[in-house]
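Okay, structure first, notes after.
The values are calculated or read from the model by the stated rules, or taken from the named source; none is laboratory data. All values reported here derive from a predicted model rather than from experimental measurement. In this analysis, Cβ positions are derived from the backbone assuming ideal geometry, glycine residues included, and neighbour counts consider all displayed protein chains. Remember, those area values only see protein heavy atoms, side chains included, never the ligands or the DNA or RNA. Shrake-Rupley method; radii C 1.70, N 1.55, O 1.52, S 1.80 Å.
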Amino acid sequence: MTAMRQEKTGLVLEGGGMRGIFTAGVLDVFMEEGITFDGVIGVSAGAVHGSSFVSGQHGRSIRYYKKYCNDKRFMSYWNLIRTGDVAGVQFCYHELPDIWDPYDYEAFRNAHTEFYVTCTNVESGKAEYLRICDMKKQVDLMRASASLPYVSRIVVKQGLKLLDGGLADSIPVLAFREMGFRKTVVVLTRQKGYIKPPEKTRLARVMYHKYPEFIETIRRRNQVYNKTLRRIEELEAAGEIFVIRPDAPPEMGRIERDPEKLQQLYDRGRRDALRRLPDLKLWLGK
């Protein structure tokens, strides 16, 4: 008799700018415990930290975030004025991983984990779930996922015009489950009970007037996000997914200059992961 095929495990990582350093703490605990997944999908900062998880580089995220959070080449309005991107494209996606804090491209290519990023298609307003197999060659897809509207240029890749994945699908748990990753762990960067307020679209109507579907996506973002959270709570209550989230509101904006605050939120991610670890291992069957 043939044994039943086990469900594919998936890891879904929400974004949130530097608030995502909470996720980095969770992922480092996973690495320490040898917890792996068949697939990982990240949005914006979730994609950034998820990439270091797939390459197995423990501690990399908190190390370079603390080191470069006050470097204008990393994230700054100096970058925005000079280049049109608040995050320094050359520094963040080329110099930093190639020279200053080397990314293990080979380990990523050889990993047995499928890695996806979520981007928003500016022309259609819909989410794109794009697989990255070679981080060196496809790093612009991750950059697109983390390119915030208003403070980033549109990234054109694979014939698509792309921006921040969090606009169309901030927490792509439903999409990932449809892709076959049914046994899903979700790492959120907002506390339980959080409700996203409505988005203002006045600036969007000016900057993105050529893309009406994209403007509509921005307008409906909070509705989609809050509906997703409700569905996540239903799936969590039914035991179909496992969720790790901050136990209190993360007191951090999208850009943080204080290394100590980054360390504190990273440590909270570690604590929350360690606290949930026995239940997670039981749920995963480990």
Mind telling me which of the residues 75, 31 ends up being aliphatic (A, V, I, L, M), open to solvent by 10 Å² or more (accessible area, probe 1.4 Å) and touching a strand residue (DSSP E or B) at 6+ places or on another chain (Cβ under 7 Å)? 75
Being touching a strand residue (DSSP E or B) at 6+ places or on another chain (Cβ under 8 Å) and among the β-branched types (Val, Ile, Thr) is the filter here; which residues of segment 93-118 pass it? 113, 117, 118
In segment 156-165, what residues are surrounded by fewer than 21 Cβ atoms within 10 Å (Cβ to Cβ) and not charged (D, E, K, R)? 156, 158, 159, 160
When the residues of segment 216-234 are filtered to those that are assigned to a helix (DSSP H, G or I) and among the basic types (Lys, Arg), which remaining residue is surrounded by the most Cβ atoms within 10 Å (Cβ to Cβ)? 221
Just one listed residue, out of 210, 200, 261, 196, is open to solvent by 20 Å² or more (accessible area, probe 1.4 Å), over 19 Å from residue 11 (Cβ atoms) and part of a helix (DSSP H, G or I), and it is 261
Looking only at residues that are assigned to a loop (DSSP other than H, G, I, E, B) and open to solvent by less than 50 Å² (accessible area, probe 1.4 Å) in segment 35-55, which one is nearest to residue 154 (Cα to Cα)? 44
Select, from 131, 182, 177, the only residue that is without any contact (Cβ under 8 Å) to a residue 24 or more places away in the chain and closer than 19 Å to residue 9 by Cβ. 131
Among the candidates 136, 67, residue that is surrounded by fewer than 17 Cβ atoms within 10 Å (Cβ to Cβ), among the basic types (Lys, Arg) and within 21 Å of residue 23 (Cα to Cα): 67
